[in-house]
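Written below as structure tokens is the structure these notes are about.
The values are calculated or read from the model by the stated rules, or taken from the named source; none is laboratory data. Keep in mind that what you see is a predicted model, and the values were worked out from it rather than measured. Here the Cβ positions follow ideal geometry from the backbone for every residue, glycine too, while neighbour counts run over all protein chains shown. Note: areas computed on protein heavy atoms with side chains; ligands, DNA, RNA excluded. Shrake-Rupley method; radii C 1.70, N 1.55, O 1.52, S 1.80 Å.
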Amino acid sequence: QVQLVESGGGLVQPGGSLRLSCAASGSIFSIYVMGWYRQAPGKQRELVAHITSGGNTNYADSVKGRFTISRDNAKNTVYLQMNSLKPEDTAVYYCNAAGVITTTRVGMDYWGKGTLVTVSS
């Protein structure tokens, strides 16, 4: 069984920074894509950023230039550095692992439980 555990959320003032981490555990051989999604109250879940095992990245237009995604393949961990945070970044941030290969399954997707980020003065 694969588990994703996020950390690093919290309350921050506008213009501030936070760093989210997500560690995947289990009998994992490889993870093709790791990413972050977010869901604000009353809105649909949306992609924030994702990164492939080869280091290719993709960002939502709303976070380009402010957020940076990175990963440590050896640790099956993905990070999201969030700078210049705005109130509209307030949401629950979910970690996603896609194309996961384990000892028993191939190509599965997994989600973390989410971590709350609140940007407010």
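Couple of notes before you dig in:
- Residue match in the stretch 21-36 (condition: part of a strand (DSSP E or B) and farther than 27 Å from residue 104 by Cα): no
- Within the stretch 62-79, considering residues that are among the polar types (S, T, N, Q) and part of a strand (DSSP E or B), the one most open to solvent (accessible area, probe 1.4 Å): 68
- One residue alone among 84, 62, 120 is touching a Lys or Arg at 6+ places or on another chain (Cβ under 7 Å), more than 13 Å from residue 4 (Cβ to Cβ) and of a type in the set (S, T, N, Q), and that residue is 84.
- Scan of the stretch 25-83 for residues that are within 16 Å of residue 94 (Cβ to Cβ), β-branched (Val, Ile, Thr) and at pLDDT 95 or above, ordered by number: 33, 48, 51, 63, 69, 77, 78
- Matching residues in the stretch 47-61 - criterion: being open to solvent by 60 Å² or more (accessible area, probe 1.4 Å), within 15 Å of the chain's Cα centre (by Cα) and over 10 Å from residue 33 (Cα atoms): 58
- Candidate set from the stretch 85-106 (those that are of a type in the set (Val, Ile, Thr) and modelled with pLDDT of 95 or more); member that is nearest to the chain's Cα centre (by Cα): 92
- Every condition in (1) more than 13 Å from residue 22 (Cβ to Cβ); (2) of a type outside the set (Asp, Glu); (3) not in a loop (DSSP other than H, G, I, E, B) is met by residue 49 except one, and the failing one is (1).
- Residues of the stretch 8-25 that turn out to be in contact (Cβ under 8 Å) with a residue 60 or more places away in the chain, over 12 Å from the mean Cα position of the chain (by Cα) and open to solvent by 50 Å² or more (accessible area, probe 1.4 Å), as a count: 5
- Residues in the stretch 80-92 that are out of contact with any Phe, Trp or Tyr (no Cβ under 6 Å at 6 or more places or on another chain) and either buried (at least 20 other Cβ atoms within 10 Å of the Cβ) or assigned to a loop (DSSP other than H, G, I, E, B) (or both): 83, 84, 85, 86, 89, 90, 91.
- All conditions in (1) basic (Lys, Arg); (2) in contact (Cβ under 8 Å) with a residue 40 or more places away in the chain; (3) open to solvent by 60 Å² or more (accessible area, probe 1.4 Å) hold for residue 38, with the sole exception of (3).
- If the condition is being open to solvent by less than 20 Å² (accessible area, probe 1.4 Å) and either of a type in the set (Gly, Ala, Ser) or under 15 Å from residue 32 (Cβ atoms) (or both), then the stretch 103-121 contributes only 112.
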